[in-house]
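Just so you know, all these numbers are worked out from the coordinates, no wet-lab data involved. Nothing here was measured: the structure is a model prediction, and the numbers come from that model. Note that each Cβ is placed from the backbone with ideal geometry, even for glycine, and that neighbours are counted across all protein chains shown.
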Amino acid sequence: MMRILVTLLLAAFHSIPSTLAISCAGCVDLDELNFQKTVERFPYAVVKFDIAFPYGDKHEAFAAFSKAAHKTTKDLLIATVGIKDYGDLENKALGDRYKVDDKNFPAIFLFKGNVDEYIQLPSHMDVTLDNLKAFVSGNTPLYIGRDGCIKEFNDALKNYANIPDDEQLKLIEKLQSKQEKLTNAEEQQSAKAYLIYMHKIHELGYDFLEEETKRLLRLKAGKVSDAKKLELLRKLNILEAFRVHKVTKTSPEKQEL
């Protein structure tokens, strides 16, 4: 009797829309009826199989990924499948189809144009915003960069800190020209930050990157508004585009000695 009562209480609890569940802006809710038709409308789809009313850090990371993806591409569907282990067992058959382990939610899949061609996020990768971006960028032609970053600028700046001074100046002129053609206000602001850092690294060498990173992290850890934290995060992300595995160019200070 007690077991039946507990089961009924759990079913009643889960049948009520949860105010504690974290929303996922831009995410499409899929079920056994619309799953295939919806997934196959897009070149790529990232689908999270989870409990019916998800919450916690992993769901927050997926929601943040949805926002980032919608800013950068129209070719990627971001969707969720809520699986119930009570009542009518909604979407359980769909989870079984992809061998989803209901004891280890969430399970995240990348579909490539159809429901039979997919890759699952490896179990060793934590569900974080950066890992989700890396998962999609590493398995598709799509680019979902860090917040504030511009792919064309990132690509152009690989190994920037190590190239000769005259090449750095030419690249500054080239990206300055591209910045002037940008129409999006957010991209304009990001491009301005890229160019400032290009000038600073040209003048001061790679040491500037390390010192500026420490400075921004100190500011971000202090008492600042959410808007300011976002601005600092974007600058930190842009600085990462200048990072090199090995510094081969002597800094200007050392050249003078």
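Points worth noting:
- Expected-Rg normalisation [2.2 N^0.38 Å, Cα atoms] applied to region 118-257: 1.16
- Assigned charges on the beta-carbon of Lys, Arg, Asp, Glu; region 16-139 dipole about Cα centre (debye): 400 debye
- In whole percents, the pair-distance distribution calculated for region 119-160 from its alpha-carbon pairs, binned every 5 Å from zero, is 5, 20, 25, 23, 13, 10, 3.
- Hz values of 3J(HN,Hα) by residue in region 98-105 - Karplus curve (6.51, -1.76, 1.60), Gly and Pro given as x: 9, 6, 6, 8, 6, 9, 9, 5
- Loop-resident trypsin sites (Lys or Arg not before Pro) (DSSP state other than H, G, I, E or B) in region 24-93 with no more than 15 further Cβ atoms inside 10 Å of their Cβ: 41, 74.
- Net charge of the neighbourhood of residue 102, taken over other residues with C-beta under 11 Å away and scored Lys/Arg +1, Asp/Glu -1, is 0.
- The spacing between region 60-132 and region 162-186, judged by their C-alpha centroids, is 38 Å.
- By the compact-protein rule of thumb, 2.2 N^0.38 Å, the alpha-carbon radius of gyration of the chain corresponds to a ratio of 1.27.
- Charge sum, other residues only, whose C-beta stays under 9 Å from residue 83's C-beta, Lys/Arg counted +1 and Asp/Glu -1: -2
- Around residue 146: net Lys/Arg minus Asp/Glu count, Cβ-Cβ under 9 Å: -1
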